[in-house]
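Report on the structure given below.
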C-alpha cells in the first residue's frame, strides 16, 4: 500500500523528481482539499472583494500550488492551507463581534460626495478623479448627475455605492 501511495502521490519527492502521475494525483487531491476549504471558509471569502478576502485568495492559491508541483512538502502545504482558512474564519468572527477589529481588518467606508457635492480631500485620499466618481454614479445607480445622489461612498471592498435622493412628490 505504501508503494502505491508513494507512486501516486510521492510524499518524499521534490520539484525536480516529481512524475507526471504524482503531479496529476496531487492536482486531484488539492482540488478536493481546496473545495473543502472553500466550503469551510464560507461563501463570503471567495465572493468578497475586500483586501481581507483577497489576501486569503492569493495566499491559498500560492500555498496549494506548491503542493501540486512538490515545491514544498505535501502534508505541510495542506496543513498551511487549513491554517489560512481557520485564521480567516477567526478574523471574520472577531470582526463581526468587534468594531475595532472590523476596522483594522476590513477598513472603513469613505464618503466621496454628499448632497451632489464631491469631497475633494476624500477623492484624493482614495486616488479617485471626478470622472471615476461619475463613472461609479452611472454604473452603480444609473444616475447622470451628482445632484441626483444623496451620498456616494467608497465601500470597504473598493466598490462605489450610491444613495439616491428621494423623489419629490
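FYI, it's all coordinate maths here, none of it is from the lab. Just so we're clear, the structure is a prediction, and the values are computed from it rather than from any experiment. Quick reminder, even Gly has a Cβ in these numbers, built from the backbone with ideal geometry, and neighbours come from all protein chains shown.
In degrees between 0 and 90, to the nearest 10, how far off the longest principal axis of the chain does helix 51-68 point, with axes built from Cα atoms?
The angle comes out near 20 degrees.
So for the chain, averaging the separation of alpha carbon pairs under 8 Å that are six or more residues apart and normalising by length, what relative contact order in percent results?
Values: 198 pairs, mean separation 28.9, N = 169.
Rounded, it is 17 percent for the chain.
Inverting the mean 1/r over all pairs of different Cα atoms, compute the Kirkwood radius of segment 1-66 and quote it in Å. Walk me through the numbers before you get to the answer.
Working: mean 1/r = 0.0744 Å⁻¹.
Its Kirkwood hydrodynamic radius stands at 13.4 Å.
In whole percent, what relative contact order does segment 108-164 give with Cα contacts below 8 Å and a gap of six or more residues?
41
In degrees between 0 and 90, to the nearest 10, how far off the longest principal axis of the chain does helix 130-141 point, with axes built from Cα atoms?
Once rounded, the angle reads 80 degrees.
Using just the helices of the chain, give the 222 nm mean residue ellipticity in deg cm²/dmol: DSSP H runs with n ≥ 4 each add -39,500 (n - 2.57), and the total is spread over all residues, rounded to 500. Display every interim value, and only then the final one.
Numbers: 8 runs with 102 residues, N = 169.
Theoretical 222 nm ellipticity from helices: -19000 deg cm²/dmol.
Using the Kirkwood formula on the Cα atoms of segment 108-164, what hydrodynamic radius do you get, in angstrom to one decimal? Let's see the in-between values first.
Numbers: mean 1/r = 0.0933 Å⁻¹.
Averaging 1/r across every pair of different Cα atoms and inverting gives 10.7 Å.
Just subtract the alpha-carbon distance of residue 5 and residue 108 from 0.36 nm times their residue separation and send over the number in nm, one decimal. Mind showing how you got there, number by number?
Working: separation 103, 0.36 × 103 = 37.08 nm, distance 4.91 nm.
That pair, residue 5 and residue 108, stretches by 32.2 nm at full extension.
I need the fraction of alpha carbon pairs in segment 50-130 separated by more than 15 Å, rounded to a whole percent. Don't skip to the end; give the middle numbers.
Numbers: 2203 of 3240 pairs.
The answer is 68 percent, as a whole percent.
Calculate the FRET efficiency for residue 90 and residue 161 from the Cβ-Cβ distance with a Förster distance of 30 Å, rounded to the nearest 0.05.
On the way: r = 28 Å, r/R0 = 0.93.
Efficiency, from the Cβ-Cβ distance: 0.60.
Using label points projected 7 Å from each Cα along Cα→Cβ, tell me how many nm separate residue 32 and residue 121, to one decimal.
5.8
Please list log₁₀ I(q)/I(0) at q = 0.16, 0.19 Å⁻¹ for the chain, using the Debye equation with identical point scatterers on the alpha-carbon positions.
-0.92, -1.09
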